[in-house]
1. Please sort 22-29, 147-154, 67-74, 200-207 by packing, taking for each peptide the average over its residues of neighbouring beta carbons within 10 angstrom, highest first.
2. Ranked from highest to lowest mean number of other Cβ atoms within 10 Å per residue, what is the order of the peptides 192-198, 166-172?
3. Per 0.36 nm of contour for each residue apart, how much would the distance between residue 8 and residue 109 grow if the chain were fully extended, relative to their Cα-Cα spacing?
4. What's the angle, to the nearest 10 degrees (0 to 90), between helix 105-122's Cα axis and the longest principal axis of the chain?
5. What angle do you read, to the nearest 10 degrees and between 0 and 90, between the alpha-carbon axis of helix 196-209 and the longest principal axis of the chain?
6. Report the residue, chosen from 40, 143, 163, that carries the largest GNM mean-square fluctuation when the chain is represented by alpha-carbon nodes joined by springs under 10 Å.
7. Between residue 143 and residue 57, how high is the FRET efficiency from 1/(1 + (r/R0)^6) when r is the Cβ-Cβ distance and R₀ = 22 Å? Nearest 0.05.
8. Tell me, what is the FRET efficiency for residue 121 and residue 34 to the nearest 0.05, using R0 = 41 angstrom and their Cβ-Cβ distance as r?
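Computed from the coordinates by the stated procedures, all read-outs in this text should not be read as laboratory data. None of these values were measured; they are calculated from a predicted model. FYI the Cβ positions are ideal-geometry reconstructions off the backbone, even for glycines, and counts take in every protein chain you see.
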């Protein structure tokens, strides 16, 4: 038999065996091992950081929602998603920011309108929100448009409206915000934040009990 043919067959056989072994290791065993470790030690994160209410999954702690009524705390604006021709219903088919520069006239107009709306919507008979109180996250969307959190400052200026509309005391709602404020990771990474979905679920439960 021709030595060249034998050598070629041997190389092809070795390549095929290597392909099968690597496919089994990297395509089957490794994914199963990683999935097993994730489910064993980080089940919440591995399953999408799901948030449940009344035994049902209502969202993820990592993804913001926009369909909150006036009785609830409001999230950051989502102009990058809700104000474009592709994704008019905030469906998760894309994410992105407004792609406007800081001095873009259209962005400036959006921010001014959003600030006026925040002041109007959150002022009550016995509490007036001042424009200077409105934080940046109340009038600008995040880079992805999917930020699930707001700043404690934005949550606080919504407290009086939420308390009034739900028949709760201001002190009750303030405590609710305080209890759902996550501080800097490890004490120095990021900023204090409030997950809107988790806060609104707690608000609904509190209002139902009161």
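1. The most tightly packed comes first, giving 147-154, 200-207, 67-74, 22-29.
2. Highest mean packing first, the order is 192-198, 166-172.
3. That works out to 29.3 nm of additional length.
4. Helix 105-122 sits at roughly 60 degrees to that axis.
5. Value to nearest ten degrees: 50.
6. Ranking 40, 143, 163 by mean-square fluctuation puts 40 first.
7. Working from the Cβ atoms, E equals 0.30.
8. The pair residue 121/residue 34 has a calculated efficiency of 0.35.
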